[in-house]
Structures are given as structure tokens and as C-alpha cells.
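The values are calculated or read from the model by the stated rules, or taken from the named source; none is laboratory data. All values derive from a computational prediction rather than experimental measurement. Backbone-built Cβ (ideal geometry, glycine too); neighbour counts: all protein chains shown.
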Amino acid sequence: MTQVPTQIIAKSGFPEIGPPGLRDTMRSEWTKMKTLRSTYIIFILGTLFILALSALITFLIAANEASELKHGGSLPSPLITIQGGQVGWEFALLAFMVLGVLIISGEYSSSLIGVTLLATPQRRRFLLAKVLVFALSLFVFTEVMSFVNFFIGHAIVSAYPDYPNTWLSNDGVLRVVIGMGIYVTLIGLMGLGAGALLRNAAGAIAACVGFLFILPIALSALPNSFSNPIGEYWPTQAGSRIGVLHQGAHDLTAWWGAGDMALFIVVLLLIAGYALAKRDA
């Protein structure tokens, strides 16, 4: 096929179109993400888990302990706004982890990956754009949900005047509220990295669940001389410290734990990017 000279294209009045840049690829990934039905379903489920389930648990615990307080019980912990509000996050992080897997594995199951890589031959840039769009969207959403969830829990506990309440100005509370959004975003990126590496939704979800839940349980069965040093730096356990007020004797501090998990996610995504560049679509 004869290539049309650039001068002829310029004289024809049509703009000269070059290869897509990172901004173009991010715009494309945003379009694909917001048109997926699973995106809306999981974000709705996440909202229900974070807000509705957490509010219900907070109400039940506060009502029960306030009743015991009236009958001569001891003064309950003022941390119920945090503790009750975190119940819904346990389910929400699983939902967003699954979404991270589906964001990338869905392209393989639908055979859209061939068209995507044809439009964006630089595969690492394609993965980077997908990571940036997903991470920014999830981070903004989870941070908003985290603050709304805290204020709802605070309002529920405020309905019981004799019950001690927690506010953002209390030591560590603001860090916990912000940290939950960071931790869930990292979990979602773990799902995306696993999906990009394994290219199969079922396999990636199983791998993430095993890494997040099953392996730590197996690790806890080992003698303390082995389990404590490994558990201290285990990425998902270390990362969860940012959403907890009190640290254990063998735990990293909140921000060091978040950094440990972030480093693991970066390494996972770099391996996934390398595999994406070397393998066939």
C-alpha cells in the first residue's frame, strides 16, 4: 500500500493524527470503565456495604451497650463509631478487588484486548492508563464514602447522650478515616494487577482471596518465631494497619504498613506490565 505523503494530508485540510498519548489512552479507559455494567453494580454494592451495613451494625451495638449502661453496666468504649463503621468495609474491599480483576480480565474474555492493543501498541502505557483511571476513580469514591460513613456513625451514636462518642479531632481518627480509602484502593489495584498477570477472572480472584485471607490464616498456625516476622511485613496485613487505631506489638506503624503494601502493589504491576509486553494478546 502506498503511503500518502504528509504534505498532501496537510493540504487536504484534514488534521495530521499521530499515535495516541497517555491522556488519550486514559480517556479511552475511562470510557470503557464507565460503560461496564459490572462497574455500576459493584459501586452500588460497595455503597450499600459501607453505608447501610455499617450504619446497621453501629446502631445495634450502640443500642445494646447503651441499654446495658442504663442497667449498671460499665462505660462502653468510645470507639464504636470507628469499630461499627468498619464492618461494611470488610465486604466492600472484596467487591472492589473483584472489580479490579474484571476491569482487565474482561478485555480478554470479550476479546476486546486485541482491538485495544491495536489502538495502543505501547502496552505498558495501556496498563498505566488503566491503573491511573481505576485508582483515581476508586480513591475518590472510597474517600467520600469513608467520611460519609463516619458522619453517619457519629450521628447514630449521638442519639445516645450517655454514650461516649468519637470525633475526627480524636487521636488517630482522621488517619483511620482517610486510611480506609487508601487501603481499599490498594486492594482494588491488587485485583487489577492479578487480573493483568493471570488474564483470567476466576484465577485472579482466587489468587487474591488466597493472598488476602487464606495464607495469613495458614501463617498464623506457624510458631511465633516464624509467623511474627513474616506477618509484620505481609502486604495486606501491614496495609490494613492504616485503618486501625491501635497497633499490635508485632505490627508495622500505620504509614509504614501502607508503604509496605504500596511497594508490593508497584512490584506486582511492574511484573504484570512486563508480562503484558512480552506475551501475545
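With the structure loaded, tell me whether GLU107 is in contact with a Gly (Cβ under 8 Å, 6 or more places away or on another chain), of a type in the set (Asp, Glu) and in a helix (DSSP H, G or I) or whether it fails that test. Working first, answer last.
Values: in contact with a Gly (Cβ under 8 Å, 6 or more places away or on another chain): no; of a type in the set (Asp, Glu): yes; in a helix (DSSP H, G or I): yes.
Taking the combined requirement at face value, the residue does not satisfy it.
Output yes when any residue across the range 51-63 is at pLDDT below 85, small (Gly, Ala, Ser) and either under 24 Å from the mean Cα position of the chain (by Cα) or within 30 Å of ASP171 (Cα to Cα) (or both), and no when none is.
yes
Just the residues that are of a type outside the set (Val, Ile, Thr) and surrounded by 14 or more Cβ atoms within 10 Å (Cβ to Cβ), please, taken from the range 49-62.
Listed by number, the residues that qualify are PHE49, LEU51, LEU53, SER54, ALA55, LEU56, PHE59, ALA62.
Name every residue in the range 246-280 that is under 25 Å from VAL177 (Cβ atoms), free of Cβ contacts under 8 Å to residues at least 24 places away in the same chain and β-branched (Val, Ile, Thr), in order of residue number.
Matches in the range 246-280: THR253, VAL266.
Going residue by residue through the range 244-266, is there one that turns out to be of a type in the set (A, V, I, L, M), modelled with pLDDT of 90 or more, within 30 Å of LEU118 (Cα to Cα) and in contact with a Gly (Cβ under 8 Å, 6 or more places away or on another chain)? If you could, list the steps in order and put the result at the bottom.
Residues of the range 244-266 that are of a type in the set (A, V, I, L, M), as a first pass: 244-245, 249, 252, 254, 258, 261-263, 265-266.
Now drop any that are not modelled with pLDDT of 90 or more, which leaves 254, 258, 261-263, 265-266.
Add one more test, that the residue is within 30 Å of LEU118 (Cα to Cα), and what stays is 265-266.
Within this subset, residues satisfying the condition of being in contact with a Gly (Cβ under 8 Å, 6 or more places away or on another chain) are 265.
Yes, that holds for at least one residue.
Among the residues that make up the range 121-143, is at least one of them more than 27 Å from GLY21 (Cβ to Cβ), modelled with pLDDT of 85 or more and either touching a Gly at 6+ places or on another chain (Cβ under 6 Å) or surrounded by fewer than 16 Cβ atoms within 10 Å (Cβ to Cβ) (or both)?
Initial filter on the range 121-143 (more than 27 Å from GLY21 (Cβ to Cβ)): 142-143.
Among the residues that remain, those that are also modelled with pLDDT of 85 or more are: 142-143.
With the extra rule that they be either touching a Gly at 6+ places or on another chain (Cβ under 6 Å) or surrounded by fewer than 16 Cβ atoms within 10 Å (Cβ to Cβ) (or both), the set shrinks to 142-143.
There is at least one residue in the range 121-143 that is more than 27 Å from GLY21 (Cβ to Cβ), modelled with pLDDT of 85 or more and either touching a Gly at 6+ places or on another chain (Cβ under 6 Å) or surrounded by fewer than 16 Cβ atoms within 10 Å (Cβ to Cβ) (or both).
State all residues of the range 178-204 that are of a type in the set (A, V, I, L, M), under 17 Å from ILE265 (Cβ atoms) and within 16 Å of the chain's Cα centre (by Cα); if no residue qualifies, say none. Give the steps one after another, and end with the answer.
We begin by selecting, within the range 178-204, every residue of a type in the set (A, V, I, L, M); these are 178, 180, 182, 184, 186-187, 189-190, 192, 194, 196-198, 201-202, 204.
Imposing the further condition that a residue be under 17 Å from ILE265 (Cβ atoms) reduces the set to 180, 182, 184, 186-187, 189-190, 192, 194, 196-198, 204.
If the condition is that a residue be of a type in the set (A, V, I, L, M), under 17 Å from ILE265 (Cβ atoms) and within 16 Å of the chain's Cα centre (by Cα), then MET180, ILE182, VAL184, LEU186, ILE187, LEU189, MET190, LEU192, ALA194, ALA196, ALA204 are the ones that fit.
Just to be sure I understand the filter: pairs with C-beta atoms under 6 Å, separated by 6 or more residues or on different chains, first member in the range 91-103 and β-branched (Val, Ile, Thr), second member at pLDDT 95 or above and not in a helix (DSSP H, G or I). Which pairs pass?
none
Kindly indicate the residue of the range 191-207 that is under 23 Å from THR47 (Cβ atoms) and out of contact with any Ser or Thr (no Cβ under 8 Å at 6 or more places or on another chain) and also surrounded by the fewest Cβ atoms within 10 Å (Cβ to Cβ) among those meeting that condition.
So the first thing to find is which residues in the range 191-207 are under 23 Å from THR47 (Cβ atoms), and the list is 191-192, 195, 201, 205.
With out of contact with any Ser or Thr (no Cβ under 8 Å at 6 or more places or on another chain) added as a condition, the list becomes 191-192, 205.
Details: GLY191: 29, LEU192: 28, ILE205: 21.
Residue satisfying both the conditions and the ranking: ILE205.
Could you check, for the range 167-189, whether at least one of its residues is among the aromatic types (Phe, Trp, Tyr) and at pLDDT below 95?
Initial filter on the range 167-189 (among the aromatic types (Phe, Trp, Tyr)): 167, 183.
Those still in the list that are at pLDDT below 95 too: 167.
Checking the range 167-189: at least one residue is among the aromatic types (Phe, Trp, Tyr) and at pLDDT below 95.
Among the residues of the range 151-177, which ones are outside any helix (DSSP H, G or I) and under 23 Å from the mean Cα position of the chain (by Cα)? Give the derivation first.
Taking the range 151-177 as the starting set, the residues that turn out to be outside any helix (DSSP H, G or I) are 159-172.
Residues satisfying the conditions are LEU168, GLY172.
Any idea how many residues of the range 185-232 are of a type in the set (A, V, I, L, M, F, W, C) and more than 20 Å from GLY257 (Cα to Cα)? Break it down stepwise before answering.
Narrowing the range 185-232 to residues of a type in the set (A, V, I, L, M, F, W, C): 186-187, 189-190, 192, 194, 196-198, 201-202, 204-209, 211-215, 217-219, 221-222, 226, 230.
Right, trim to more than 20 Å from GLY257 (Cα to Cα) and you get 192, 194, 196-198, 201-202, 204-207, 218, 221-222.
Summing the residues that are of a type in the set (A, V, I, L, M, F, W, C) and more than 20 Å from GLY257 (Cα to Cα) in the range 185-232 gives 14.
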